[in-house]
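Input: a single structure, listed below in structure tokens.
The values are calculated or read from the model by the stated rules, or taken from the named source; none is laboratory data. Just so we're clear, the structure is a prediction, and the values are computed from it rather than from any experiment. Neighbour counts are summed over all protein chains in view; Cβ atoms, including those assigned to glycine, are modelled from backbone coordinates with ideal geometry.
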Number of protein chains: 2
Amino acid sequence: MTKGEMSNTDARVIRVGLLGCGIVGSATCRLLGDHAEEIRMRTGCTVEISRVAVRNLSKDRDVDVPADRFTNDAHAVVNDPEIDVVIEVIGGIEPARTLILEAIDSDKQVVTANKELISSLGGELIAAAEARGVDLLFEASVGGGIPIVRPLEESLAGEKVRSVIGILNGTTNYVLTRMTEDGLSLHDAVAEAQELGYAERDPSADVEGFDAAAKTAILASIAFDTKVTSGDVYREGITAVSQLDIALADRLGYVIKLLAIARLDSGEVEARVHPAMISKNHPLASVRESFNAVFVEGNSVGEIMFYGRGAGGGPTATSVVGDVVAAVRHLSEGGKAHRPHRLLELPVRAFDEIRTQYYLLFEVADQPGVLAQIAAAFGSHEVSIAGVWQEGQGDQAQLVIITHRARERDLQETLHELRGLDVVVEIKSVLRVESEET
Amino acid sequence: MTKGEMSNTDARVIRVGLLGCGIVGSATCRLLGDHAEEIRMRTGCTVEISRVAVRNLSKDRDVDVPADRFTNDAHAVVNDPEIDVVIEVIGGIEPARTLILEAIDSDKQVVTANKELISSLGGELIAAAEARGVDLLFEASVGGGIPIVRPLEESLAGEKVRSVIGILNGTTNYVLTRMTEDGLSLHDAVAEAQELGYAERDPSADVEGFDAAAKTAILASIAFDTKVTSGDVYREGITAVSQLDIALADRLGYVIKLLAIARLDSGEVEARVHPAMISKNHPLASVRESFNAVFVEGNSVGEIMFYGRGAGGGPTATSVVGDVVAAVRHLSEGGKAHRPHRLLELPVRAFDEIRTQYYLLFEVADQPGVLAQIAAAFGSHEVSIAGVWQEGQGDQAQLVIITHRARERDLQETLHELRGLDVVVEIKSVLRVESEET
């Protein structure tokens, strides 16, 4: 490519300030360096990392940025009049929020990978950016390297999206894959994920579904032109999923995944994260290991799916740099991030009002009339049973029930009544089944 | 949503002229009508179909556009000073090319779904649009409803794409799925696809790979910032794929798909469409029925895949209307379609220089020394054999060979030599195997 290379001197220089230089920040530095010629060719601009704010100046970062560009004064970076674009990859609410607002007030374009911040205060930040006429771009906050924010905002801008179902957390998908395919226990699979660097030492943000819930809030907000925050998202982690659940799911033609579900129904938004059974024929069922995917259903487009690496320095940096290129193009060619002119204020449906199918596993007493009593409890709460059978015999007898679509509150009231029955020794599992049944 | 509806009078009116009103055109009309409120909310503009050019004025179109807006004078539409955006869904080279150039000269934004035109003359049309400062958008020309052009041009604008492998033709994927899963013959599967409306009465554009080759040219051009036309794409259809090939592939852990492959290697572009075996574990292997998918490998992002309906009125119209919304936003808020500032002129690798693995099926004479003669032919052309075994016995004896990665020319020379051997009765199949082997 030497022949046609654009010389540096032809190109406008765009100066970037980087806030944070951990895994994603250092990968972003490397990408901006390694792909400088492609970026120059595509934008006509040279993107230069002018300053990098870090907490610890003495740490080695493995990036090709001169030492004198590092500072521990992040405020100086976002207020530097020479800087055009600020990249925030610190994570968390503060100081990221204050720094981003300062950057917007100083008329910088802002790119962030911060899911916590966007899922809780995205509305405030987007409004500040719009008021100032600058970009606030956050493709990297959901799905790592998977392009999903821009496709929803732009490619599907003429579509009515009905639902978005995602596998948005790579760690839990890895754990469930190992449990399903290799028979590992949850404990061992988590330990392995930690060894491989997929899971943190404290894995609760992943395992308990907090990470996926934040991403669900962002996707729901974009897909339905409304405001959903992470606090609006019902959340349940994978710790209760057992090997027996996985084996029974398999026999029924399902796999168990931690699903992030955002759905628009009768003017209300459903937003929830929980383990669920889905059919092996569903495209999400074949998303294995630490991969992520987002499955979108629209009125006109039907089913589409976006698949890729949901985390990691390289993939996340690709989304960050894609946003940087957009910001650079807007600076040099005009235009801006296109956001809805008006947002809806759709109510978020209370979780006990959702309707889905359920799988339940009970330990029951080995005596006649058990099924009649249990079935009566379901019937009295208008939960209709689609299938029931016994696993094991005698003292080992367990009962598996699959319901038709029912309301969560009715199911919970059924469970409450069941717990009071003498014939029910223990309710071992309750999992939702996401199916085509309506 | 009634409460917050924007009244028509608040919104700027953007006038659209539609060229062609067949399956995609009428679906586009319906979508612009059904989603008018969403589009108004997202853009602040009302999009109105002002004129529709059709060949036959007396045909019923099942669209909610007043009869007096129909005309059979397409030139009057593209030159109408009232019209802001022209949508071309006629297809084929002429008159589409002339009409699009006229629209550009009249400063219209242009949206097209025309793969034949973009794959053969896209460079000329894009240059004309850029010179005039208007948009030429063509998301719908590849992958139907799947967002792929914009994600490649924008989301991956900071990435170096190494390869794009697609299932880009729904008809052939449907046919191969039915042959694989239900044992249908090619003939019966094609007939069924015709009955279902997936295949034309003359199915050759699909079955012979012309449709996929055009789309491959468009994807290769965008992915590698260069110009590849459909004539540059090596093309081979699915008519030679037999039930035995499919059964043997299955036994080897592969499925047979019509793959569209675009790859950048040592500064050269590979662009080819042919049936190939891919591992059942590959994400493309689970793309069934008439679905399409595009699998992208990038230096930093790793593997990503985009999946959805590659044809049909609704999905294609979603992409058309997504582009219309982009054009509307550019008209009302500024900005433009972002294209590379400079294109490379990468050479397209001659097909006989590509390197891949091969599967071969022979009918051979039932006598000693056959394998030695055949192996010698491979060896003399530097094609290394990875595996060989016999299928059937006696007169029914067939030989299956899988090679290591070899050069296409060497393989062809091997085949030439094999055809001259007395022990080779017939070379029944030659299929490429797309694997991880390098």
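Of all the residues that make up region A:130-156, how many are under 17 Å from A:ILE93 (Cα atoms) and of a type in the set (A, V, I, L, M, F, W, C)? Lay out the reasoning, then the answer.
Initially, region A:130-156 is screened for residues under 17 Å from A:ILE93 (Cα atoms), giving A:136-138, A:140-142.
The next check asks that each one be of a type in the set (A, V, I, L, M, F, W, C); those that pass are A:136-138, A:140, A:142.
Going through region A:130-156 one residue at a time, the tally reaches 5.
Look through region A:320-371, keep the residues that are more than 7 Å from chain B (Cβ to nearest Cβ), surrounded by 19 or more Cβ atoms within 10 Å (Cβ to Cβ) and small (Gly, Ala, Ser), and return whichever of them is farthest from the chain's Cα centre (by Cα).
Applying the filter and picking the extreme gives A:ALA327.
Kindly provide the set of residues from region A:173-199 that are exposed (fewer than 14 other Cβ atoms within 10 Å of the Cβ) and more than 17 Å from A:LYS257 (Cα to Cα), ordered by number.
So in region A:173-199, the residues exposed (fewer than 14 other Cβ atoms within 10 Å of the Cβ) come out as A:181-183, A:185, A:187, A:195-197.
Result: A:GLU195, A:LEU196, A:GLY197.
Just for region B:150-169: of the residues that are within 12 Å of another protein chain (Cβ to nearest Cβ) and not in a loop (DSSP other than H, G, I, E, B), which one is farthest from B:ALA113 (Cα to Cα)? Spell out how you get there, then give the answer.
Taking region B:150-169 and keeping what is within 12 Å of another protein chain (Cβ to nearest Cβ), we get B:150-161.
Imposing the further condition that a residue be not in a loop (DSSP other than H, G, I, E, B) reduces the set to B:150-155, B:161.
Details: B:ARG150: 14, B:PRO151: 17, B:LEU152: 17, B:GLU153: 17, B:GLU154: 19, B:SER155: 21, B:VAL161: 24 Å.
Of everything passing the filter in region B:150-169, B:VAL161 is farthest from B:ALA113 (Cα to Cα).
If you scan region A:332-377, which residues turn out to be among the hydroxyl-bearing types (Ser, Thr, Tyr) and more than 30 Å from A:VAL400 (Cβ to Cβ)? Please lay out each step first, then the result.
Step one: list which residues in region A:332-377 are among the hydroxyl-bearing types (Ser, Thr, Tyr), which gives A:332, A:356, A:358-359.
Across region A:332-377, the qualifying residue is only A:SER332.
Could you tell me how many of the residues in region B:200-215 are crowded, with 24+ Cβ neighbours inside 10 Å and part of a helix (DSSP H, G or I)?
From region B:200-215, those crowded, with 24+ Cβ neighbours inside 10 Å are B:206, B:209, B:211-215; that's our starting set.
Next cut, part of a helix (DSSP H, G or I) only: B:206, B:211-215.
Counting residues in region B:200-215 that are crowded, with 24+ Cβ neighbours inside 10 Å and part of a helix (DSSP H, G or I) gives 6.
Give A:GLU303, A:GLU270, A:GLU297 a once-over and let me know the one that is away from chain B (no Cβ under 11 Å) and among the charged types (D, E, K, R). Walk me through how you get there before you give the answer.
Working: A:GLU303 fails: away from chain B (no Cβ under 11 Å); A:GLU297 fails: away from chain B (no Cβ under 11 Å).
None of the others qualify; the one that does is A:GLU270.
What's the total number of residues in region A:180-192 that are in contact (Cβ under 8 Å) with a residue 40 or more places away in the chain and hydrophobic (A, V, I, L, M, F, W, C)?
The number of residues fulfilling the criteria is 1.
Quick one: which of A:GLY91, A:GLY144 is among the small types (Gly, Ala, Ser) and within 14 Å of chain B (Cβ to nearest Cβ)? Quick ask: steps written out before the conclusion?
Numbers: A:GLY91 fails: within 14 Å of chain B (Cβ to nearest Cβ).
The conditions single out A:GLY144.
Which is within 20 Å of B:ARG342 (Cβ to Cβ), crowded, with 23+ Cβ neighbours inside 10 Å, out of contact with any strand residue (DSSP E or B) (no Cβ under 8 Å at 6 or more places or on another chain) and not charged (D, E, K, R), of B:ALA157, B:ALA131? Break it down stepwise before answering.
Details: B:ALA131 fails: crowded, with 23+ Cβ neighbours inside 10 Å.
None of the others qualify; the one that does is B:ALA157.
Does region A:288-325 hold any residues that are free of Cβ contacts under 8 Å to residues at least 12 places away in the same chain and within 22 Å of A:VAL255 (Cβ to Cβ), and which are they? Show your work before the answer.
Kept after step one, since they are free of Cβ contacts under 8 Å to residues at least 12 places away in the same chain, are these residues of region A:288-325: A:302, A:304.
Selection gives A:ILE304 alone.
Which one of B:VAL65, B:VAL89, B:VAL78 is touching an Asp or Glu at 6+ places or on another chain (Cβ under 6 Å), more than 16 Å from A:GLY158 (Cα to Cα) and among the aliphatic types (A, V, I, L, M)?
Details: B:VAL65 fails: touching an Asp or Glu at 6+ places or on another chain (Cβ under 6 Å); B:VAL89 fails: touching an Asp or Glu at 6+ places or on another chain (Cβ under 6 Å).
Result of the check over B:VAL65, B:VAL89, B:VAL78: B:VAL78.
For the structure I just gave you, tell me whether B:ALA317 is within 10 Å of chain A (Cβ to nearest Cβ) and in contact with a helix residue (DSSP H, G or I) (Cβ under 6 Å, 6 or more places away or on another chain).
Working: within 10 Å of chain A (Cβ to nearest Cβ): yes; in contact with a helix residue (DSSP H, G or I) (Cβ under 6 Å, 6 or more places away or on another chain): yes.
Against the criterion (within 10 Å of chain A (Cβ to nearest Cβ) and in contact with a helix residue (DSSP H, G or I) (Cβ under 6 Å, 6 or more places away or on another chain)), B:ALA317 qualifies.
Hey, any hits in region B:89-101 for a residue that's in the same structural domain as B:GLY237 (by TED's automatic domain parsing), among the polar types (S, T, N, Q) and without any contact (Cβ under 8 Å) to a residue 12 or more places away in the chain? Lay out the reasoning, then the answer.
Of the residues in region B:89-101, the ones in the same structural domain as B:GLY237 (by TED's automatic domain parsing) are none.
Looking through region B:89-101, none of the residues is in the same structural domain as B:GLY237 (by TED's automatic domain parsing), among the polar types (S, T, N, Q) and without any contact (Cβ under 8 Å) to a residue 12 or more places away in the chain.
Checking B:ALA247 against (1) within 26 Å of A:ALA293 (Cβ to Cβ); (2) modelled with pLDDT of 95 or more; (3) more than 21 Å from the chain's Cα centre (by Cα), which single condition isn't satisfied?
(1)
Among A:ASP60, A:ASP34, which is of a type outside the set (Lys, Arg), modelled with pLDDT under 95, assigned by TED's automatic domain parsing to the domain that holds A:LEU99 and surrounded by fewer than 24 Cβ atoms within 10 Å (Cβ to Cβ)?
On the way: A:ASP34 fails: modelled with pLDDT under 95.
Exactly one of A:ASP60, A:ASP34 is of a type outside the set (Lys, Arg), modelled with pLDDT under 95, assigned by TED's automatic domain parsing to the domain that holds A:LEU99 and surrounded by fewer than 24 Cβ atoms within 10 Å (Cβ to Cβ), namely A:ASP60.
List the residue pairs whose Cβ atoms are under 6 Å apart, where the first residue sits in region A:198-220 and is closer than 18 Å to A:GLY313 by Cβ, the second is aromatic (Phe, Trp, Tyr) and surrounded by fewer than 24 Cβ atoms within 10 Å (Cβ to Cβ), and the two are 6 or more positions apart or on different chains.
Short answer, once both residue conditions are applied: A:TYR198/A:TYR174.
Out of region A:225-241, which residues are surrounded by fewer than 24 Cβ atoms within 10 Å (Cβ to Cβ) and outside any helix (DSSP H, G or I)? Steps first, answer last, please.
Within region A:225-241, the subset surrounded by fewer than 24 Cβ atoms within 10 Å (Cβ to Cβ) is A:225-227, A:229-232, A:234-237, A:239-241.
Across region A:225-241, the qualifying residues are A:ASP225, A:THR226, A:LYS227, A:THR229, A:TYR234, A:ARG235, A:GLU236, A:GLY237, A:THR239, A:ALA240, A:VAL241.
From the list B:ILE222, B:ILE218, B:ILE256, B:ILE261, exactly one residue is over 14 Å from B:ASN173 (Cα atoms) and either of a type outside the set (Val, Ile, Thr) or not in a helix (DSSP H, G or I) (or both). Which is it?
After applying the criteria, what remains is B:ILE261.
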